[in-house]
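**Student:** Dumping the structure here so I can ask a few things about it.
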Amino acid sequence: MGRIFCFHKSNSGRIATSRLKMMLISDQSGCAPGLIEGLREELVEVLSRYIEFDSGKIELCVTRTECAESKDMISAISAIIPIRRFTNMRKE
């Protein structure tokens, strides 16, 4: 009977959560949502040459902080990257 109705899990909730996070990050940083996603994609591309990691679990965080020298507000990006192992050679 289960074969007739083809039940499967939907990832729409996870996708919506990810999109909402990207919107909040871009809103707080003052940049376009596509910019943060583009940065994530390029970061994955470059890092994959040197390390093995789970690209789906990378977390980017944009924070606004005061610069000590000029007292201006600046944006800073931090990344949490779950590394499986470092590779010995650069992959091309």
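The values are calculated or read from the model by the stated rules, or taken from the named source; none is laboratory data. All of these numbers come straight from a predicted model, not from anything done at the bench. Cβ placement follows ideal geometry from the backbone for every residue including glycine, while neighbour counts extend to all protein chains displayed. Just so you know, the surface numbers come from the protein's heavy atoms only, side chains and all, with ligands and any DNA or RNA stripped out. Shrake-Rupley method; radii C 1.70, N 1.55, O 1.52, S 1.80 Å.
**Student:** Between A79 and E37, 0.36 nm times their residue separation minus their Cα-Cα distance comes to what?
**Tutor:** 13.8 nm
**Student:** Which order do C67, C61 take when ranked by solvent-accessible area (1.4 Å probe, heavy atoms of all protein chains), largest first?
**Tutor:** Output order, biggest surface exposure first: C61, C67.
**Student:** Around A76, with a cut-off of 15 angstrom between Cβ atoms, what is the net charge of the other residues, counting Lys and Arg +1 and Asp and Glu -1?
**Tutor:** -3
**Student:** To continue, here is another question. Within region 42-81, report the trypsin sites (Lys or Arg not before Pro) that DSSP leaves as loop and that have at most 13 other Cβ atoms within 10 Å.
**Tutor:** Those satisfying the criteria are R49, K71.
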